[in-house]
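The next block holds one structure in the form of structure tokens; read it before the comments.
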Amino acid sequence: MTNQIEMMSKEEWKKSTKVKTNNKKKYKSIRNIVLVFIFCIGILGSIFMNYGKIMMGVTRMKAIKYSEKEVEKYLSSPSTAKFPSFIFNSEDIKSELYSEDSEGTTWVVGGYVDSQNYMGAMVRKTWAVGIKFYNGGEKYDILSVDVK
């Protein structure tokens, strides 16, 4: 083997070492691709595992939004309505109930709203709305509205 090394020219030796370094780079790039692939599979897996929770959050937000729109119909001045932030101030929620059956999901959402009455004074009213979602939240029915 030493005779072969001694007989190699510098150019041949450089070529033989370049092949080895190129193989190392090739294996590093393959390793990186495999790692990225495994990472992507992990992310997709966690999304599919939490799909139910994500969809429940989507219908929760829709229930709140549609309930507020329904409550505005019962106010003297709906353009002045100020609802509390349900996302950050959960203590402001009077009630929020969730149930699921074979037909769909039912939410009962409640809280308060500040708005002007017909004389321009700000008044606070409490409200509760029952809403049922069908087809994964695509369709809904208002079951009950109570504004006091």
(request) Taking the residues in the range 64-81 that are surrounded by 11 or more Cβ atoms within 10 Å (Cβ to Cβ) and among the basic types (Lys, Arg) as candidates, determine which candidate is modelled with the highest pLDDT. (result) LYS69
(message) If I filter the range 92-105 for residues that are modelled with pLDDT of 85 or more, assigned by TED's automatic domain parsing to the domain that holds ILE142 and loosely packed, with under 10 Cβ neighbours inside 10 Å, do I get at least one hit?
(response) no
(message) Looking at (1) of a type in the set (Asp, Glu); (2) at pLDDT 90 or above; (3) under 14 Å from ILE64 (Cα atoms), which one does ASP114 not meet, given that it meets all the others?
(response) (3)
(request) For the range 56-71, name all the residues that are touching a residue at least 24 places away in the same chain (Cβ under 8 Å) and within 14 Å of VAL113 (Cβ to Cβ). (result) ILE64, SER67, GLU68, GLU70, VAL71
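Please go through the range 106-122 and give me each residue that is surrounded by fewer than 13 Cβ atoms within 10 Å (Cβ to Cβ) and touching an Asp or Glu at 6+ places or on another chain (Cβ under 8 Å), ordered by number.
Step one: filter the range 106-122 for residues surrounded by fewer than 13 Cβ atoms within 10 Å (Cβ to Cβ), giving 118-122.
MET122, the sole residue that qualifies.
The values are calculated or read from the model by the stated rules, or taken from the named source; none is laboratory data. The structure presented is a predicted model; accordingly, all values stated were derived computationally and were not measured. Neighbour counts run over all protein chains shown; Cβ positions are idealised from the backbone, glycine included.
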